[in-house]
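Before any comments, here is the structure.
The values are calculated or read from the model by the stated rules, or taken from the named source; none is laboratory data. It should be emphasised that the depicted structure is a prediction, and the values quoted were computed from it without experimental measurement. Cβ atoms come from the backbone with ideal geometry, glycine included; neighbour counts cover every protein chain shown. Accessible surface areas use protein heavy atoms only, side chains included; no ligands, DNA or RNA. Shrake-Rupley method; radii C 1.70, N 1.55, O 1.52, S 1.80 Å.
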Amino acid sequence: MPKYIIRGGRPVTGRIQSLGAKNFATKAMVAALLADGTTRLINAPRIGDVEITCDMLEASGAKLDWSMPSTLAIDAANIRSAKVPVPDSGSNRIPILLLGVLLHRLGEAHVPVVSGCNIGARPVDFHLEAAKMFGAHITVSDTGYHAVRKGRLKACHYRLPYPSVGATESCLFLGVLAEGTSIIENVATEPEIIALITMLNAMGARVQLMPNRELIIQGVDRLYGTSFEVLGDRIEAASWAALAAATDGDITVEGIDPSTLINFFGPFNAVGGGVEIEGAKSIRFFRRQPLKSTVIETDVFPGFATDWQQPFAVMLTQASGASIIHETVYERRFDYLAALSALGARTQIETHCLGSLECRFRGHDFPHSAIILGPTPLRSAGLTLDVPDLRAGLAYVMAAALAEGETTITSIARIERGYGNLIERTRGLSLAIGAG
Ligand code: EPZ
């Protein structure tokens, strides 16, 4: 099985081009199926999750074309299959998003039971509830969810129990072609959601994001193909930022809109990181002063993203004092700390809420708070770290880059699903990473 071998212990410097964000690219691909023409996604990343989504789209009858550089063209004129195949990876959140889209296009949808990275239960109850509110009839079996509609889907008024990213996307897909005007309350407003709303409107939809997390969606009769650029991956950019500060290096990330990192910069600066915006889409990250501990609470946008907490934790191992991370989005997202501890970090996981945010996990005994004591030098005497999920995987790469000695990283397919081949992509960095 392919591996990464990393020799760490030196500052990481250089430049890296950010990839198109998988968490928008894959959703934009699903959106393209709503049009009966061709949509072009510029800056589409050729990564595992996009390939998996390509397979699902092709199974439905869409025609895909990568012949233009960095552009994926999706011709959805002849959608004919309502059965979404089980993704090869076994874990991927896209099938449930296809439910509403295929319902519109074909009157029925059969999607497999989905999971995602192993970071919590990750149910799909909000998605199913929303589809029912729009008039879908859903039956659940061992193989998945079967949805049918009688006539056109009807607009509804629905309040999401929590501002879920995926469920907000489902509501958008269900609402844009439904009959009438829908009001969806308590929606997610992550930059990838804003981009999706913008893209749907460019396809002819009538979606308005109101203050107070409310969407007003006036259903239209049809949507048209469009061209749209995939935004850079703000999670990956934050990881390179944390690596620069953690190793006392200096990394410039290209192709990333600084506004998507708005609430990363404050905590990064508070720890001792430095930021220089070099152009519309180029940001330099470095260590401005000795790193010191801080308190982080993850939250939905505009809060501190849950996907930023793993790289941030690696940086915090180098900060003096006791840092706290209160994870309020996923109930079990600290398994990766064991690997950091194996490299010499001092961490402790707590089931208490170590923070002031109202948290759904209070009193439930979930290991969702962490304490990190620093600074601790990290060392690896030939350790092997097995990647549990995408974001933790990049944090392992960072930890290995920080640790003196050689570290082997296995199950790298989980990293490459979202970040592509890191050996090739980090050629502009002084990171000593090779294939095993
Ligand atoms: C998206 O997952 C991202 N994945 C995640 O990134 C990201 O961490 C997450 O949003 C939060 O920002 C993709 O975009 C593919 P949610 P999603 O629905 O949409 C609960 C990565 O590595 N919930 O916002 O699945 C859920 O259990 C991944 O790229 C329900 O209870 O996340 C979680 O606690 C990791 N019922 C919370 O809501 C539902 O029906 C937030 O999940 C749906 C969600």
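Observations on the model:
- Cα-projected label distance for M210 with I42, points at 7 Å along beta-carbon direction, nm: 3.4
- Here the peptides 406-412, 60-66 are ranked by packing, the mean other Cβ count within 10 Å, and the order with the highest first is 406-412, 60-66.
- For V295, the residues whose amide H sits under 5 Å from its own are I324, ignoring neighbours fewer than 5 places away on the same chain, with H placed 1.01 Å from N.
- Among M56, M210, M133, the largest mean-square fluctuation in a Gaussian network model of the chain (Cα springs under 10 Å) belongs to M210.
- Between S259 and S411, the modelled labels are 3.8 nm apart [label points 7 Å from Cα along Cα→Cβ].
- Separation in nanometres of the label points that stand 7 Å from Cα toward Cβ, at T143 and Q17: 4.2
- Each 20 Å bin from 0 upward holds the following percent of the Cα-Cα pairs of the chain: 26, 56, 17, 0.
- When both bridge partners sit in the stretch 22-229, DSSP labels roughly 75% of those beta bridges antiparallel.
- Taking amide H as placed 1.01 Å from N in the peptide plane, the amide H of D386 sits under 5 Å from that of T410, each at least 5 places away or on another chain.
- Leading residue at positive end of dipole, the stretch 22-229 (Cβ point charges), from N186, L57, A136: A136
- Full-extension gain in nm, K154 to S320, via 0.36 nm per residue minus C-alpha separation: 54.1 nm
- Mean projected area in nm² (Cα convex hull; one quarter of hull surface) for the stretch 323-436: 7.8
- Förster-model FRET efficiency, 35 Å R0, R346 and S430, C-beta, rounded to 0.05: 0.80
- Beta bridges by DSSP in the chain, antiparallel share as percent, to the nearest 5: 70
- Backbone amide hydrogens, once placed in the peptide plane, bring R287 within less than 5 Å of G249, G274, excluding anything fewer than 5 places away on its chain.
- With R₀ set to 25 Å, the beta-carbon distance separating R362 from D125 gives a calculated FRET efficiency near 0.80.
- Largest GNM mean-square fluctuation among A73, A342, A32, using the chain with Cα springs under 10 Å: A342.
- Placing a label point 7 Å from the Cα of A381 along the Cα-to-Cβ direction, the residues of the stretch 389-412 whose backbone N falls under 13 Å of that point are 405-406.
- When H104, H146 are compared by accessible area of protein heavy atoms, the largest-first order is H146, H104, using a 1.4 Å probe.
- Per residue, the stretch 22-229 exposes 39 Å² of accessible surface when a 1.4 Å probe is rolled over the protein heavy atoms with every protein chain present.
- A Förster radius of 41 Å, combined with the Cβ-Cβ distance separating D65 from T181, puts the computed FRET efficiency at roughly 0.70.
- For the stretch 22-229, alpha-carbon Rg relative to the globular expectation (2.2 N^0.38 Å, N residues): 0.92
- Computed across the stretch 185-301, the Kirkwood hydrodynamic radius from all distinct Cα-Cα pairs reaches 16.3 Å.
- In the chain, helices alone account for a calculated mean residue ellipticity at 222 nm of -9000 deg cm²/dmol, with every DSSP H run of four or more residues adding -39,500 (n - 2.57).
- Within the accessible area of the chain (1.4 Å probe), percent carbon and sulfur: 51
- The residues of the stretch 303-389 have, on average, 40 Å² of accessible surface per residue, using a 1.4 Å probe with all protein chains present.
- The dipole here belongs to the stretch 351-436: it is taken about the Cα centre, uses +1 on the Cβ of Lys and Arg and -1 on the Cβ of Asp and Glu, and is about 180 debye.
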